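Peer 1: Here it is, the structure in full.
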Amino acid sequence: FAGPQSVTNATYGNLTLSGSGLKTIGTSTVVGILSMEGTATATGTPTYGASSTLQYAGSAAQIAGGEMPATFNGSGGVIINNPTGITFYSTYTISSTLTMSSGDIAMGTNTLILSNSSGNAIIYTSGIITGKIRRAISTVTSTNYLFPVGVTGSYRPAMFNFSAISATTNITAEFIPTSPTGFTGYADGSSTLDYLFTEGYWRFISSG
């Protein structure tokens, strides 16, 4: 479907809403891939099958709308494939995978939550999350957990890899693009931390 569209009260396998026009999504069911190329409003929350995928594949900047539930449970996960990026104006949870193929994710003051504790829950090619991302971390050791954060135009990723962790935890990360204040060098075990990078710093919060 192209241009302004209304899709309600039906079941679809794969559904592409093409073009940059406004889409209205009601109480439809998608069991395959819903590919969004515009921005949706909702007259009801759509239902997704267990194997479903939600893909943002526009060519103009997109805003997450009525197509995105508070928690997306489809095993295909959420795919970002829009070089001009997408904005999320609410906090959302993805329970399977986040695929970042192309384009930034602007979170504003909200948090993108990835509740899948696998290190492979983010499939990364390109893009920056501006704002907060929370990842569930399992007790599996020697696993890389990528936090693909930064600011527009500047990718400042962080990586966690635990040699030992006693319990599953959640870590929230963001990159703050200002110079940290009040920092003084200190010893951390056998290492001395004494350099200040004025272009910004990371902030991490752990749930445990």
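The values are calculated or read from the model by the stated rules, or taken from the named source; none is laboratory data. This is a predicted model, so every value here is computed, not measured. Reconstructed Cβ throughout: ideal geometry from the backbone, glycine too, with neighbour counts over all protein chains shown. Surface accessibility is based on the protein's heavy atoms, side chains included, excluding ligands, DNA and RNA. Shrake-Rupley method; radii C 1.70, N 1.55, O 1.52, S 1.80 Å.
Peer 1: Name the residue that is farthest from F162 (Cα to Cα), counting only residues in the stretch 120-140 that are in contact with a Lys or Arg (Cβ under 9 Å, 6 or more places away or on another chain) and open to solvent by less than 40 Å² (accessible area, probe 1.4 Å).
Peer 2: Of the residues in the stretch 120-140, the ones in contact with a Lys or Arg (Cβ under 9 Å, 6 or more places away or on another chain) are 121-122, 128, 132.
Still in the running and open to solvent by less than 40 Å² (accessible area, probe 1.4 Å): 121-122, 128.
Working: A121: 16, I122: 17, I128: 23 Å.
The qualifying residue farthest from F162 (Cα to Cα) is I128.
Peer 1: Restricting attention to the stretch 89-101, does a residue exist that is assigned to a strand (DSSP E or B) and open to solvent by 50 Å² or more (accessible area, probe 1.4 Å)?
Peer 2: Our first condition is that a residue be assigned to a strand (DSSP E or B); within the stretch 89-101, this holds for 92-94, 98-101.
After this cut, where a residue has to be open to solvent by 50 Å² or more (accessible area, probe 1.4 Å) as well, the list is none.
No, the conditions are met nowhere in the stretch 89-101.
Peer 1: For the stretch 102-208, give me every one of the strands (runs of 3 or more DSSP E) that falls completely inside it and has 3 or more residues that are within 25 Å of A70 (Cα to Cα), of a type in the set (G, A, S) and modelled with pLDDT under 95.
Peer 2: Strands (runs of 3 or more DSSP E) meeting the threshold: none at all.
Peer 1: Filter the stretch 58-87 down to the residues that are over 19 Å from Y48 (Cα atoms) and touching a residue at least 40 places away in the same chain (Cβ under 8 Å), then identify the one that is most open to solvent (accessible area, probe 1.4 Å).
Peer 2: Looking only at the stretch 58-87, we keep the residues that are over 19 Å from Y48 (Cα atoms), and these are 58-63, 81-87.
Those still in the list that are touching a residue at least 40 places away in the same chain (Cβ under 8 Å) too: 60, 85.
On the way: A60: 46, G85: 5 Å².
Within the stretch 58-87, the match that is most open to solvent (accessible area, probe 1.4 Å) is A60.
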